[in-house]
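Please treat every number below as a calculation from the coordinates, not as lab data. The structure presented is a predicted model; accordingly, all values stated were derived computationally and were not measured. A quick note on method: Cβ atoms are made from the backbone with ideal geometry, for glycine too, and the neighbour counts reach across all protein chains shown.
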């Protein structure tokens, strides 16, 4: 699995000046905007639009978990076996290029968006070993000039120091309709009532899991997108970002 580069300084042999939090010459942190929310709330679309408008990097954290879930399904792992899943993560090379997802050199862009993979993603993402195994990879996306991070715990766990945190939500019915349209465009058949049930079940799992539950950060801006077009949501976020 990808490991970000790190520098280790042995303080026993260091005689230079010590950095302190109030040093005036310290560079400002790379800015981050987090977009959290349930499946189908539109945060993926908004995050992509926002990153393009700002010229920042984009992190689709859900895609990282989806790739891991797909690999677990392909290897027929038991989805609550943390030891096996942790070992699996060590063997994966995950990368993204121009909206396409790759796992160990194989493109999996379409495969990670199926309902079966979505359900598996929700299950493995509740496991502490999986979340620990992918945390460093997610944080490595924070690069200049800035990052838009899309997920479920971006503002609460992965980037708690983000300058702007957004929690985007919508009703299960609206989210299921959006998901049905997306699957139809990909040629994947689905049932609306079944999708609504799946959304509600996944919401319950995500909100009640012991580690990194789905919830807005205390300082998040909450936006309900039921009656808003993507451009309207985008403008609301940009107006907030200009105030930061």
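Points to keep in mind about this one:
- Sorted by Cβ neighbour density within 10 Å, fewest at the top, the residues 96, 159: 96, 159
- With Cα atoms, 0 to 90° folded angle of helix 230-243 axis to the chain main axis: 20
- Contact order, relative form, for the range 30-243: 34 percent (alpha carbon pairs under 8 Å, 6 or more residues apart, mean separation divided by residue count).
- Relative exposure of 125, 91, judged by other C-beta atoms within 10 Å (fewest first): 91, 125
- With Cα atoms, 0 to 90° folded angle of helix 115-124 axis to the chain main axis: 40
- Relative to the longest principal axis of the Cα atoms of the chain, the long axis of helix 43-54 lies at roughly 40 degrees.
- Fewest-first sequence of 184, 61 by Cβ atoms within 10 Å of each Cβ: 184, 61
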